[in-house]
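Heads up: the structure comes next, in structure tokens.
The values are calculated or read from the model by the stated rules, or taken from the named source; none is laboratory data. Quick caveat, the model's predicted, so the values are computed rather than measured. Note that each Cβ is placed from the backbone with ideal geometry, even for glycine, and that neighbours are counted across all protein chains shown.
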Amino acid sequence: MSDRLPAVAYRVPQVRALRTALPGPRSVALNARRMAAVAAGVGPSVPIFAADVDGGILVDVDGNSLIDLGSGIAVTGVGGSNAAVAQAIAEQANRFTHTCFMVTPYEGYVRVAEELAALTPGTHEKRSVLVNSGAEAVENAIKVARLATGRAAVVAFDHAYHGRTNLTMALTAKAMPYKAHFGPFAPEIYRMPMSYPFRDEPGITGAQAARRAIIQIEKQIGAGSVAALIVEPIQGEGGFIVPAPGFLPALADWATSNGAVFIADEVQTGFARTGTWFACEAEGVVPDILTLAKGIAGGMPLAAVTGRAELLDAVHAGGLGGTYSGNPVACAAAVATLRTMRELDLPARARMIEATVLPRLRALAHELDVIGDVRGRGAMLALEIVAPGTTEPAPDLTKAIAAEALTQGVVLLTCGTYGNVIRLLPPLVIGPELLDDGISVLEQILRQRSPGGSLRRRSDPVSV
Ligand code: PLZ
């Protein structure tokens, strides 16, 4: 895989090796301390405490080396302790850790904004505001869109995930665990049908799915009242749903024709994850605003809203910001992360991960009828697990597969409105042998867990 790509240097041996049963005794003890001190609402999905992370390996507190196929939810594309990023963090921390950009600015923030202007789709004039989390980026994108358009309504989609703050909970689709009992929610949010090829009416095109949403927008809200449409180009928490081709361009065109702001939430898909710098590039969509976070700073908390200068600059001085927003250490990490991504050609590595893994998942889907769908792009790939031969979600089986993978030393995440999607989000710097080992573990578990190793009854799985 890495023959034609720049070599990655690793500090920790890139081999899966288990010393104890998982979770090991130290993780078990730490979990007991966690439960006595940390709010129950912050339930970690993997009960294993991290000690050292590098490349595709996560070493736990018991000395077990696990394969990381989650990257801390699509964050550590450059690895969990990239040397260049760690050095940039240390150097900046030795000079100053904080001044507050709104009080005494510093170059790092400006540099990140310049880089984002150059890197994001479109050659138009752009501006950025830096914040601390993906949810905060989404909040700010909506603030900007409402102020710039003088309109209130915001359109979000089925299966969307945009965060856990009050406004972003309203934008997020799924009640449990994200919204249930946390209301009342922010007003003027409207939810429209998504394009979900596996569960949609057969044969519906992206343009038709967009039309279906647009008709409802025009009937229920009125075109002249819409401040913004916000959509994840590939939905993350909702199930790695790749809309049918043509869906995103049609929505973006409608927004442009009707004076609404098209916001691409690229918090999960951004920064090389899907094989291009940003996922909307795959269909040549140029968003008015992008919300960015996760992969941007190698694990440091940083997020951004990058968009058309006339939109961002419409906001009065003091209308955007925050004490820690665009923290100098996080900015230094982002500059080093983006440089590393270019040097290691991480978009190409994401494409190589797709080229290696997707055919294997597709072959497995032909063999096993618990796999309803295989989809995704780059290093953002997923399997939708169903009751054999049907489209009925199988969330318990999905959980069992992830749990079994963990006991074998592979960290696998699940997602989806129906909780039945296994998602693969390896660090983009993972080596080919380690990736092969991780996927082999998944293959073997799926074979064992498929009732009677049952063969497919349906025709080809939908694949995008
Ligand atoms: N927009 C598209 O994927 C974060 C959330 C996990 P924050 N996704 C992981 C969880 O259970 O909290 C996300 C996203 C998209 C916004 C966000 C929010 O980003 O940095 O978690 O606030």
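The single condition among (1) within 30 Å of ALA333 (Cα to Cα); (2) in a helix (DSSP H, G or I); (3) away from the ligand (no atom under 12 Å from the Cβ) that ALA141 does not meet is (3). If you go through the range 179-199 one residue at a time, do you hit one that is among the small types (Gly, Ala, Ser), crowded, with 18+ Cβ neighbours inside 10 Å and in the same structural domain as GLN235 (by TED's automatic domain parsing)? Yes, some residue in the range 179-199 is among the small types (Gly, Ala, Ser), crowded, with 18+ Cβ neighbours inside 10 Å and in the same structural domain as GLN235 (by TED's automatic domain parsing).
All of (1) within 20 Å of ASP288 (Cα to Cα); (2) more than 16 Å from the ligand (Cβ to nearest atom); (3) part of a strand (DSSP E or B) hold for VAL129 with one exception: (2).
Of the residues that make up the range 406-420, is at least one part of a helix (DSSP H, G or I) and touching a Leu at 6+ places or on another chain (Cβ under 7 Å)? The answer is yes; a qualifying residue exists. Whenever a residue of the range 182-205 is under 16 Å from VAL154 (Cβ atoms), its partners that are aromatic (Phe, Trp, Tyr) and not in a loop (DSSP other than H, G, I, E, B), lying with C-beta atoms within less than 6 angstrom and at least six residues away or across chains, give the pairs MET192/PHE157; MET194/PHE157. Checking each residue in the range 209-238 for being under 26 Å from GLY378 (Cβ atoms) and not β-branched (Val, Ile, Thr) picks out ALA209, ALA210, ALA213, LEU229, GLU232, PRO233, GLN235, GLY236, GLU237, GLY238. Taking each residue of the range 334-362 that is closer than 30 Å to GLU384 by Cβ and looking for partners that are assigned to a helix (DSSP H, G or I) with beta-carbon atoms closer than 6 Å, six or more apart or interchain, yields VAL357/ILE439; ARG360/ILE439. Condition check: assigned to a helix (DSSP H, G or I), within 14 Å of the ligand (Cβ to nearest atom), out of contact with any Leu (no Cβ under 8 Å at 6 or more places or on another chain) and touching a residue at least 60 places away in the same chain (Cβ under 8 Å). Does GLU91 satisfy that? For GLU91, the condition - assigned to a helix (DSSP H, G or I), within 14 Å of the ligand (Cβ to nearest atom), out of contact with any Leu (no Cβ under 8 Å at 6 or more places or on another chain) and touching a residue at least 60 places away in the same chain (Cβ under 8 Å) - is not met. Among the numbered conditions (1) touching a Ser or Thr at 6+ places or on another chain (Cβ under 9 Å); (2) away from the ligand (no atom under 13 Å from the Cβ), tell me where GLY284 comes up short. Answer for GLY284: the failing condition is (1).
Cβ separations smaller than 9 Å between residues 6+ apart or across chains give the following pairs from the range 207-236 residues that are touching a residue at least 24 places away in the same chain (Cβ under 8 Å) to residues that are among the aromatic types (Phe, Trp, Tyr) and in a loop (DSSP other than H, G, I, E, B): ALA209/TYR196; GLU232/TYR161; PRO233/PHE278; ILE234/PHE240; GLN235/TYR161; GLN235/TYR196; GLY236/TYR161.
Restricting attention to the range 454-462, does a residue exist that is at pLDDT below 95 and among the acidic types (Asp, Glu)? Yes, the range 454-462 contains at least one residue that is at pLDDT below 95 and among the acidic types (Asp, Glu).
When the range 301-310 is filtered for residues that are more than 11 Å from the ligand (Cβ to nearest atom) and buried (at least 20 other Cβ atoms within 10 Å of the Cβ), the ones remaining, listed by number, are ALA304, VAL305, THR306, GLY307, ARG308. As a summary of the residue check, THR398 satisfies the conditions (1) crowded, with 20+ Cβ neighbours inside 10 Å; (2) assigned to a loop (DSSP other than H, G, I, E, B); (3) free of Cβ contacts under 8 Å to residues at least 40 places away in the same chain except for the one numbered (2). Inspection of the range 266-278 identifies no residue that is in the same structural domain as ALA334 (by TED's automatic domain parsing), more than 26 Å from ALA84 (Cα to Cα) and buried (at least 22 other Cβ atoms within 10 Å of the Cβ).
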